[in-house]
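A short write-up of the structure that comes next.
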Amino acid sequence: MTTTKGRGARGPRVLCVLDRGYRGAVEAQFFHALYGLLDLHEQFEQIDVALRGAAVTMAVEEDEYRPEVRLGTMVLDTLPDYRGSVRDLVEEGFAVYVDRSDVTALGFDPDRLVDGTTCLPSAELSLRWPEYDEVWFV
Amino acid sequence: MAGTMERRMWDLLLILTTAPHSSDVVTSALRLSQAVLDRGGSVRVWACGYATMMTQDTFGDTKLPNTRDPEGYYPSPSAVVQRMITDGEGRFGWISCTACTEERGSTHHIPQVRHRSPLRLATTVTSAKQTLYLGGA
């Protein structure tokens, strides 16, 4: 049966799976996938995030990278800051799952992820899907 | 008898067919261009496919407001390219493929962009000492 939700009803509980890590920098700046989730999540009952593949790098802590580049006389210090966005996700109540096998396959230490994220084996990550109404591959 | 016209040689031609917002290639192309400019060289970008979207004047000078930082300044892709062309003082050029422009409907370029038919691609390649093809259309 299909039901129509009333105006103001919140959307379903969604798990957003991100596999692709690189989606532009100069052209994207703040307007990247995690920004979209942060911006839209109040419309939904719940949105959580699962990072897999190269996207796990968004949750890897590091101290040296500065998201800026100089082009001509312009210093563009507004490039995507994925770690900062993952921290924002955690702070705003998202569950952020990170695929452990992808973290280690890329040579990163699972103990060096952004605080508040949850590092899980791939199979265990998949077992969480039924907890959601929908799973989106972002 | 008419004399022969001397063609300008560019140090580097980047044929950019990667769509913006799809990977790091557009940023890499701009960084590579800047590195060549910093060494006194000249660079021309031939934008194909959705890369022709980079220079649309419909962007305006800035991106849409960042709801999490409404006062922040975020230059649009066309503003970045425009600045590089201006700052390059003739050493940085941007060509938009007319066929891809028509095909993608990206027909409103900033005035600094040159429009070229794909029939002139080979001529453009021979006008550069080196060519890098950055694919992904």
The condition from (1) surrounded by fewer than 13 Cβ atoms within 10 Å (Cβ to Cβ); (2) out of contact with any helix residue (DSSP H, G or I) (no Cβ under 8 Å at 6 or more places or on another chain) that A:Asp115 misses is numbered (2)
For A:Phe94, the lone unmet condition from (1) touching a strand residue (DSSP E or B) at 6+ places or on another chain (Cβ under 8 Å); (2) in a helix (DSSP H, G or I); (3) more than 14 Å from chain B (Cβ to nearest Cβ) is (2)
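Here is a yes/no grid of residues against (1) within 13 Å of chain B (Cβ to nearest Cβ); (2) under 30 Å from B:Thr86 (Cβ atoms); (3) at pLDDT below 95:
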site: A:Leu34; (1), (2), (3): yes, no, no
site: A:Glu45; (1), (2), (3): no, no, yes
site: A:Val49; (1), (2), (3): no, no, no
site: A:Arg100; (1), (2), (3): no, no, no
site: A:Phe108; (1), (2), (3): no, no, no
site: A:Val114; (1), (2), (3): no, no, no
All positions within region B:1-21 that are over 13 Å from the mean Cα position of the chain (by Cα) and away from chain A (no Cβ under 11 Å):
B:Met1, B:Ala2, B:Gly3, B:Thr4, B:Met5, B:Glu6, B:Arg7, B:Arg8, B:Met9, B:Trp10, B:Asp11
Count - residues of region A:15-36 that are under 14 Å from A:Val135 (Cβ atoms) and either of a type in the set (Lys, Arg) or touching a helix residue (DSSP H, G or I) at 6+ places or on another chain (Cβ under 7 Å) (or both)
4
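Having 2 or more residues that are facing chain A (nearest Cβ under 10 Å) and farther than 24 Å from A:Phe31 by Cβ is the bar; report the helices (runs of 4 or more DSSP H) wholly within region B:22-120 that clear it. Lay out the reasoning, then the answer.
Values: elements: B:25-38, B:77-88, B:98-104.
Here the list reads B:25-38, B:77-88.
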Tell me which residues, restricted to region B:1-30, are of a type in the set (Ser, Thr, Tyr) and surrounded by fewer than 19 Cβ atoms within 10 Å (Cβ to Cβ).
B:Thr4, B:Ser22, B:Ser23, B:Ser28
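The values are calculated or read from the model by the stated rules, or taken from the named source; none is laboratory data. For clarity, every value in this text was computed on a predicted model and none was experimentally measured. Please note: Cβ atoms are built from the backbone with ideal geometry, for glycine as well, and neighbour counts cover all protein chains shown.
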